[in-house]
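*Asks:* Please read through the structure below; I'll follow up with questions.
The values are calculated or read from the model by the stated rules, or taken from the named source; none is laboratory data. What you see is a predicted model; the values in this text were computed from it and never measured. Reconstructed Cβ throughout: ideal geometry from the backbone, glycine too, with neighbour counts over all protein chains shown. Remember, those area values only see protein heavy atoms, side chains included, never the ligands or the DNA or RNA. Shrake-Rupley method; radii C 1.70, N 1.55, O 1.52, S 1.80 Å.
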Amino acid sequence: MRDGLVKLLSHWWFWSLLLLLLVLLAMSVGSVNVPFELMFDRESAYFEIVWQLRLPRIINAIMVGGCLALAGLLIQNLVKNPLADPYLLGVSGGAATVQLMVIITGLSLSQNSLFAVGFLGSMMATLLLLKLSYQGRVRPDKITLNGVVLAFGFAAVISFVLSTATGLQIKSMMFWLMGDMSFAQPNVLMPVLLLVSLLLLLKHHRALDLMARGDLFAQKSGVNTQRINLMIFVITALLTSMAVAQAGTIGFVGLIIPHLVRMIAGYHHRQLIPMCVLVGACFLLAADTMARTAMSPIQLPVGVFTAMIGVPVFLWLNRKV
């Protein structure tokens, strides 16, 4: 029975179907429960609630979950560390610092403008990390150390910003730091970049399989590890930057999803890459739905639920490996 369950979970169509069911569930539940038959009725009073408020948030959760899970898979491959997650690069600190400064100054920016500002901040942090870690080639060990140090530096700046903020500003800042998708709107950049990343990574899936066994082994097998490492670094930074700029710092998605997918789908990146996107999307959408409904009409930060789910799941996964 256990083998049959694992085989079922290893199929992409199962997670696609689960994602569809979660989308329908997320559209119907919330502070106001919407009957399924009224979701598509333009004359219904619920139509705007479902299509103008809930659907954009659902799309956002799917995109952010997929980006973080894929970025987690890549960063674990790059630094050869099972505890690595997308925020190891420190790029989340760049987005957080810039966006929190915008909030504290009281600038009135649209959601897309705030996303652009956060994305720019994370890209600046990425370029700084690349400059510090590139010594004729990408040094995964340097990326790890420099990323951790940069993350501490940005955390100090964020603490300073929080200590000088007013009461209302602190609440919005804390929600954003714990992960919040209440106001984020989908943008065309995320699905386009995610799709391009998927296609590019699938093209190099054999090289990624070899590099997972060590860069030296991959080099002896004819893989240009420097080019692939640089590609992994750039894609990871872009995916993480978009996710953080869009929804704040959401933990555990990039950490536990790659481990879970490896358990059910094996270690071949041809299966791992699309599966991580699907499972990550399901996980974050389920967590965000709980964040909206657990204490409805009060909405909680989604990062609270990813941590509540992620901690026991990670401990369970750690016992299995």
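*Asks:* Restricting to DSSP loop positions (anything but H, G, I, E, B) with no more than 13 other Cβ atoms inside 10 Å of their own Cβ, which chymotrypsin sites (Phe, Trp or Tyr not before Pro) remain in segment 225-289? Don't jump to the answer; show the numbers that get you there.
*Replies:* Details: sites: F233, F252, Y267, F283; in loops: F252, Y267.
Answer by residue number: Y267.
*Asks:* Further question: Hey, can you rank 186-192, 8-14 by average C-beta count inside 10 Å, highest first?
*Replies:* 186-192, 8-14
*Asks:* Also, I was wondering about something else. Can you count the Lys pairs in the chain with C-alpha separation below 29 Å, eight or more apart or on different chains?
*Replies:* 14
*Asks:* Residue separation times 0.36 nm, minus the C-alpha to C-alpha distance between R137 and T105: what's the value?
*Replies:* Stretched out fully, the R137 to T105 stretch lengthens by 7.5 nm.
*Asks:* What length, rounded to one decimal in nm, is gained on full extension from V192 through to R270, with 0.36 nm per residue of separation minus their alpha-carbon distance?
*Replies:* 26.1 nm
*Asks:* Counting pairs of alpha carbon atoms under 8 Å apart in space and at least six apart in sequence, what relative contact order in percent does the chain give? Each step should come with its number before you reach the end.
*Replies:* Numbers: 449 pairs, mean separation 103.8, N = 321.
Answer for the chain is 32 percent.
*Asks:* Starting from the Cα-Cα distance between I298 and W316, subtract it from 0.36 nm times their residue separation and give me the gain in nm to one decimal.
*Replies:* 3.4 nm
*Asks:* With no solvent and one point per C-alpha, what does the Debye sum give as log10 I(q)/I(0) for segment 193-321 at q = 0.09, 0.13, 0.19, 0.20 Å⁻¹?
*Replies:* At q = 0.09, 0.13, 0.19, 0.20 Å⁻¹ the computed log10 ratios are -0.32, -0.63, -1.16, -1.24.
*Asks:* Report the semi-axes of the equivalent ellipsoid for segment 63-151 in whole Å, largest first, where each axis is √(5λ) for an eigenvalue λ of the Cα gyration tensor.
*Replies:* Taking √(5λ) for each eigenvalue gives 26, 15, 10 Å, largest first.
*Asks:* Whole-Hz Karplus ³J(HN,Hα) for segment 301-308, in order, using 6.51 cos²θ - 1.76 cosθ + 1.60 and θ = phi - 60°, x for Gly and Pro?
*Replies:* So the Karplus estimates, Gly and Pro as x, are x, 5, x, 4, 7, 5, 6, 4 Hz.
*Asks:* Round to a whole number: what % of the accessible area of segment 2-320 belongs to carbon and sulfur, probe 1.4 Å?
*Replies:* Of all accessible area on segment 2-320, carbon and sulfur atoms account for 69 percent.
*Asks:* Could you give the semi-axes, largest first, of the ellipsoid that matches the chain, computed as the square roots of 5 times the alpha carbon gyration tensor eigenvalues and rounded to whole Å? Don't jump to the answer; show the numbers that get you there.
*Replies:* Numbers: eigenvalues 197, 140, 54 Å².
Calculated on Cα positions only, the semi-axes equal 31, 26, 16 Å.
*Asks:* How would segment 1-155 be classified by its alpha-carbon gyration tensor: rounded, prolate or oblate, with rounded meaning a/c under 1.5 and the a/b versus b/c comparison settling the rest?
*Replies:* oblate
*Asks:* Then there is this: At what distance in nm do the modelled label points of K203 and E37 sit from each other, each positioned 7 Å from its Cα along Cα→Cβ?
*Replies:* With each label point 7 Å from Cα toward Cβ, the separation is 5.1 nm.
*Asks:* Quick one: if you stick a label point 7 Å off each Cα along the C-beta vector at Q226 and L145, how many nm between them?
*Replies:* Distance between the two pseudo-spin positions: 2.0 nm.
*Asks:* At a 10 angstrom cut-off on C-beta neighbours, averaged per residue, how do the peptides 94-103, 301-310 rank from highest to lowest?
*Replies:* The most tightly packed comes first, giving 94-103, 301-310.
*Asks:* Going by average Cβ neighbours within 10 Å, how do the peptides 21-27, 253-259 rank, with the highest at the top?
*Replies:* So the peptides 21-27, 253-259, ranked by packing, come out 253-259, 21-27.
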